[in-house]
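What follows is a set of notes on a single structure, which appears directly below.
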Amino acid sequence: MKEHSNSPIYRNGNMLILAYDHGVEHGPADFEPNPASADPENVFEVAKHDAVTAVAVHKGLAEAYYPEYSDDVALMVKVNGNSDLRRPDDYYSPKQCSVQYAVEELGASAIGYTMYAGSDYEDRMWQEFREVQEEARRYGVPVVMWAYPRGHGIEDNPDYNGDTDTDVIAYAARLGLELGADVVKCKYPGSKEETEKVLDVTGKMKFVMSGGSKRSDDEFIEDVRATVEAGGNGLAVGRNIFQREDPTEILDRLEQLLY
Amino acid sequence: MKEHSNSPIYRNGNMLILAYDHGVEHGPADFEPNPASADPENVFEVAKHDAVTAVAVHKGLAEAYYPEYSDDVALMVKVNGNSDLRRPDDYYSPKQCSVQYAVEELGASAIGYTMYAGSDYEDRMWQEFREVQEEARRYGVPVVMWAYPRGHGIEDNPDYNGDTDTDVIAYAARLGLELGADVVKCKYPGSKEETEKVLDVTGKMKFVMSGGSKRSDDEFIEDVRATVEAGGNGLAVGRNIFQREDPTEILDRLEQLLY
Amino acid sequence: MKEHSNSPIYRNGNMLILAYDHGVEHGPADFEPNPASADPENVFEVAKHDAVTAVAVHKGLAEAYYPEYSDDVALMVKVNGNSDLRRPDDYYSPKQCSVQYAVEELGASAIGYTMYAGSDYEDRMWQEFREVQEEARRYGVPVVMWAYPRGHGIEDNPDYNGDTDTDVIAYAARLGLELGADVVKCKYPGSKEETEKVLDVTGKMKFVMSGGSKRSDDEFIEDVRATVEAGGNGLAVGRNIFQREDPTEILDRLEQLLY
Amino acid sequence: MKEHSNSPIYRNGNMLILAYDHGVEHGPADFEPNPASADPENVFEVAKHDAVTAVAVHKGLAEAYYPEYSDDVALMVKVNGNSDLRRPDDYYSPKQCSVQYAVEELGASAIGYTMYAGSDYEDRMWQEFREVQEEARRYGVPVVMWAYPRGHGIEDNPDYNGDTDTDVIAYAARLGLELGADVVKCKYPGSKEETEKVLDVTGKMKFVMSGGSKRSDDEFIEDVRATVEAGGNGLAVGRNIFQREDPTEILDRLEQLLY
Amino acid sequence: MKEHSNSPIYRNGNMLILAYDHGVEHGPADFEPNPASADPENVFEVAKHDAVTAVAVHKGLAEAYYPEYSDDVALMVKVNGNSDLRRPDDYYSPKQCSVQYAVEELGASAIGYTMYAGSDYEDRMWQEFREVQEEARRYGVPVVMWAYPRGHGIEDNPDYNGDTDTDVIAYAARLGLELGADVVKCKYPGSKEETEKVLDVTGKMKFVMSGGSKRSDDEFIEDVRATVEAGGNGLAVGRNIFQREDPTEILDRLEQLLY
């Protein structure tokens, strides 16, 4: 973990990452509530809102769409991901973009990486994360870990109550700090108090909540507020933004809350 | 995805790729309807027709036959493939040509890569595709993804109706866009309407239909017409061309339709 | 094994390594007896005590916290580790920091590596240790092997009485010497006599006992004394230090005993 | 496939490769019919006969014996192979010589590679063949593929009648052309007519029959004659030569037949 | 196989390799008959005897002890090995020293490598041996193969009578010649006659017998004499030397016998 205090993905130390990796992770089904969201151009337009500090996409979308938006928003390239078409024995997220390509050719200001702690493939992902993290250091860009504990190690452990168990979230978040992430993105553990428990073990590392599936505006805003009040640094959000036809109002509210 | 607007594999933004990888994928059985097609020279001769913008072959055929045709047609080297002799546990297509060799030594203007989304080996192919795609970028040549979803993830998923399910085709096509393909080659989903559903999620990326097994001229031409009318950019075709003794007439009709 | 007689991790040939890798290996649960220990800053403060010759942490903590303490204590970067979230078929500890990054960027004076001899993955770890050890040689920094025999080879062997069997500890310690470690860190085998048996086979290599789980001060000090009297060179200790609110007194006693 | 028209392994476009890889593939048992054949020197002496255009051996024999024969015969280094001591789950032939070492240090004029199409390890061998083939191109030396279809994909497929089925031989031979071999070495399919069926699909690539186990002179010569009359380019032969005490006469007959 | 006629590991073409890799392969148990043998210094002292042409040790012992003995004896670094703590599914010996490190940093005059022909991991070891052998060639140092056939391919094959079957030893020894070893180290097959059968197939390559477990002086000396009379080049011996308190007399006898 390093400060990167001048990184464009931070605004007053906080951030709102517009995550648009759903075409990879969930497929076109996630675009159905708002069919316009299938067109990356429409989502990049949303990213122009001042509340958004970075747009997180995979390589192909960055190549095709980011050049026209490079003055409007910082780019975070998600360098690994996995489709929902495959049904693996346990969770693994292969790398499909090199850090070099992301930074040098695509203009990335930050790197995103999914880590499935608890999976049988955790080891392999640690090793891949090592290379990603050290290469990102050479370019001086922050690394955001999507800390998603899941897999046999979580499911089969009677001490854990699934992947929303605060103990599980806290352990996975701590691994982000230990392995050298600069920001960790975790599922919201349910309340300000539980978030504080997580933040007790994440040291200086920044923490953002994961937007999750779409819910009412007030519920969603309250979760973000609790995160920030607990000491978190904002959120990475996708469906709660792009699944609505006009996200301006909710982004306005988030901007006010975060900065 | 990048534009590559000057690439010789496009003509007015559309393309007809004469695919001749059947000696690898299906073996000599595919040459039986027209025994002359076993001789690559005869197929390269067909590729001289103005309708054909690129001939897609494996390394060995490119080495032996392309030098004499380099003035007549652009070369697309298929850098992975798999034989039908092996009966694997799930689909995988190993790489048998480096991009460097394809471009520098064989004169390739484009790279072809088969992706079996849904297979247990999808992860490995994503990683190999990453290297292929980024190396192709260094040479400035477009990458065409043979987006062929298949394997346990498709077969064992009750939500899917096999590999011609529009949802499956659309997801696999979207992955082409997300992973950085410039053109995606998909099975024809059965109608103009279904093709439009696929094209709704493929953004700026070009789309070509796969010729498939041989059928009547009118049926075949109608499928191509529907593809183009839905917004597609042409086709990659093998058996429907080389399994006939004189493909001139059908190529004339395709030329008229496409450009 | 090389002497590295000028290494800052040694003081009069002995050492006290403050190990703080528990956030990786055991997770936040290890911080519960003394919640302040979850904050790395508090543990780095403890490392300022003159008894401590090196602080052993993972990459991320070194990045975030060591710069402010580089005048106070030598840094040992633990380059592999594994979380307790995953439940693997046998023990393996993946590498998450390169030696180059540890030395050049983090300022490491020594490298730590966990070796699970007896595990099904022992082979793979030997190979990874080879690269780590040879790269450390290029930088002239000592390598400390956490020699932790465990896994099927130990559990399923009726000749062995688990991982505290002196024969097992001695074999694993000897492997440290043979594979090129400079210091080996082993579980305390229970008495001065048993420690001597281990030291009979470790040649010139230095030997430190592992602090283990927290116990009474006198018991703990006696184990260290027996280790030193048997010819050992000190200890690597975590929980017996950071799980107490003020470890000054115990560190004073250790300092007197060791140097 | 490239012409390599000046290669010393060809004589008037044909070739007789004296294959002496049996010490690896079958072990000393193959030397029993003629014990003198166990000494490589004796076999290299045979290779001096004008009928022989190349001697195909593994790295170790080339190192030890070829220097004294480099004026007499061209060297083909077999860069992969496998012993009969191991009983694997399916066929695989690991690489034990780099192309660089073969050409630069051993003086190889050609490279030999065994491909087990149909095996569960076919994929891995394709990938290894790719590297071998492309490195051979850098040195301008031809690549001879031992095209030996076998393994589960052949044995378990009811459509195939084992590895002497002409369809299987033809498919495997075609793969040689597609993957970039310059010469393919196949089992004799039993008659001139069956050989012609194979040659119908191998394009410009050269074709040699595999000598196989020892049989009567007339039978053997007839098979070679049929191969050449069908359009083949000669043979690679071991046991039918070195298992006789004086092979001069049979080599004389082969020379007359081939050139 | 190359001559390396000036190598210090040979004396009049023969050799006595003092093998001291038992701390890795068997663990401290092998030191029990003569506890002083646990201290490498004592064994290096033995290596000063003129009968000994090379001492074979692993990396760590070479680092720590060889510098003081470099004027007295040549160093052979054993670059792979495996502990007896692990109980694998079949035999495999991972590499724990690079040839570069062995030669450039440790001063090795020769490289030792264990090959388990017949094991399920034979393939992997062939590939690793290839790299080791070719790197050793770059340094001009001989490679000694510990040719130890074992594993499922031997145990499950009813044609073989275990790993002391002369046919098995001969095949494994021949593989040494074919793969490019300069010296092969084999189990003694029981008599001069059986040794001759092995030497019939090993060509110019040197052959040494493996000392094996400790037995009476006369028995041991007779085995060595039979080996030399059959045409062998000496022995590699460990326990029959270091498990006695004063090996001078037996070394005197061996010196007389070998040179």
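The values are calculated or read from the model by the stated rules, or taken from the named source; none is laboratory data. All figures in this text were calculated on a predicted structure; none of them were measured in a lab. Glycine gets a Cβ as well: all are built from the backbone with ideal geometry, and neighbour counts include every protein chain shown. Ligands, DNA and RNA are excluded from the accessible area calculation, which covers all protein heavy atoms including side chains. Shrake-Rupley method; radii C 1.70, N 1.55, O 1.52, S 1.80 Å.
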Q. Here are some conditions: (1) free of Cβ contacts under 8 Å to residues at least 24 places away in the same chain; (2) assigned to a helix (DSSP H, G or I). A:Asn6 meets all but one. Which one does it not meet?
A. (2)
Q. Of the numbered conditions (1) crowded, with 24+ Cβ neighbours inside 10 Å; (2) touching a helix residue (DSSP H, G or I) at 6+ places or on another chain (Cβ under 7 Å); (3) under 23 Å from A:His26 (Cβ atoms), A:Ile250 satisfies every one except a single condition; which is it?
A. (1)
(Q) Among the numbered criteria (1) in a helix (DSSP H, G or I); (2) under 30 Å from D:Tyr66 (Cβ atoms); (3) polar (S, T, N, Q), which one does E:Thr202 miss? (A) (1)
Q. Can you pull out the residues in the range A:27-40 that are facing chain B (nearest Cβ under 10 Å), open to solvent by 10 Å² or more (accessible area, probe 1.4 Å) and part of a loop (DSSP other than H, G, I, E, B)?
A. A:Asp39
Q) Of the residues that make up the range C:202-210, is at least one open to solvent by 30 Å² or more (accessible area, probe 1.4 Å) and of a type in the set (D, E, K, R)? A) yes
Q.
Condition first: among the basic types (Lys, Arg) and open to solvent by 20 Å² or more (accessible area, probe 1.4 Å). Can you find one or more residues in the range B:62-80 that meet it?
A. no
Q. In this structure, is B:Pro8 more than 25 Å from B:Thr227 (Cβ to Cβ) and surrounded by fewer than 21 Cβ atoms within 10 Å (Cβ to Cβ)?
A. no
Q) How many of the residues making up the range A:127-144 are in a helix (DSSP H, G or I), of a type outside the set (Phe, Trp, Tyr) and open to solvent by 10 Å² or more (accessible area, probe 1.4 Å)? A) 8
Q: Determine whether B:Asp163 is in a helix (DSSP H, G or I), open to solvent by 20 Å² or more (accessible area, probe 1.4 Å) and within 22 Å of B:Gly81 (Cβ to Cβ).
A: yes
Q.
Is it the case, given these coordinates, that D:Ala64 is hydrophobic (A, V, I, L, M, F, W, C), within 14 Å of chain B (Cβ to nearest Cβ) and under 21 Å from D:His22 (Cα atoms)?
A. no
Q) Taking into account only those residues within the range A:236-246 that are in contact (Cβ under 8 Å) with a residue 40 or more places away in the chain and surrounded by fewer than 22 Cβ atoms within 10 Å (Cβ to Cβ), which is farthest from A:Leu18 (Cα to Cα)? A) A:Glu245
Q: Considering (1) within 14 Å of chain A (Cβ to nearest Cβ); (2) open to solvent by less than 10 Å² (accessible area, probe 1.4 Å); (3) in contact with a strand residue (DSSP E or B) (Cβ under 7 Å, 6 or more places away or on another chain), say which one C:Ala54 fails and leave the rest.
A: (1)
Q | Scan of the range B:166-199 for residues that are within 12 Å of another protein chain (Cβ to nearest Cβ), assigned to a loop (DSSP other than H, G, I, E, B) and in contact with a Gly (Cβ under 8 Å, 6 or more places away or on another chain), ordered by number | A | B:Gly180, B:Ala181
Q. Among the residues of the range E:145-160 satisfying the criterion of being more than 8 Å from chain D (Cβ to nearest Cβ) and either out of contact with any strand residue (DSSP E or B) (no Cβ under 8 Å at 6 or more places or on another chain) or part of a loop (DSSP other than H, G, I, E, B) (or both), which is surrounded by the most Cβ atoms within 10 Å (Cβ to Cβ)?
A. E:Tyr148
Q | Among residues of the range A:165-223, those that are closer than 22 Å to A:His26 by Cβ, free of Cβ contacts under 8 Å to residues at least 40 places away in the same chain and basic (Lys, Arg), counted | A | 2
Q: Would you mind finding the one in A:Ala172, A:Ala108 that is within 16 Å of the chain's Cα centre (by Cα) and within 14 Å of C:Asp84 (Cβ to Cβ)?
A: A:Ala172
**Q.** Sole residue being at pLDDT 95 or above, among the charged types (D, E, K, R), assigned to a helix (DSSP H, G or I) and under 19 Å from the mean Cα position of the chain (by Cα), chosen from A:Arg253, A:Arg225
**A.** A:Arg225
Q. Residues A:Gly203, A:Gly211: which one is closer than 20 Å to A:Tyr10 by Cβ and at pLDDT below 95?
A. A:Gly211
Q | the range B:211-222 - residue that is more than 22 Å from B:Val168 (Cβ to Cβ) and assigned to a loop (DSSP other than H, G, I, E, B) and, of those, least open to solvent (accessible area, probe 1.4 Å) | A | B:Ser216
Q: Go over the candidates A:Val43, A:Val24 one by one and state the one that is part of a helix (DSSP H, G or I), more than 10 Å from chain B (Cβ to nearest Cβ) and surrounded by 21 or more Cβ atoms within 10 Å (Cβ to Cβ).
A: A:Val43
**Q.** Out of B:Tyr91, B:Tyr66, sole residue that is aromatic (Phe, Trp, Tyr) and in a loop (DSSP other than H, G, I, E, B)
**A.** B:Tyr91
**Q.** Residue that is farthest from the other protein chains (Cβ to nearest Cβ) [pool: residues in the range D:89-108 that are of a type in the set (Gly, Ala, Ser) and surrounded by fewer than 24 Cβ atoms within 10 Å (Cβ to Cβ)]
**A.** D:Gly107
**Q.** Counted residues, the range D:109-126 - those being in a loop (DSSP other than H, G, I, E, B) and either open to solvent by less than 10 Å² (accessible area, probe 1.4 Å) or within 8 Å of chain B (Cβ to nearest Cβ) (or both)
**A.** 5
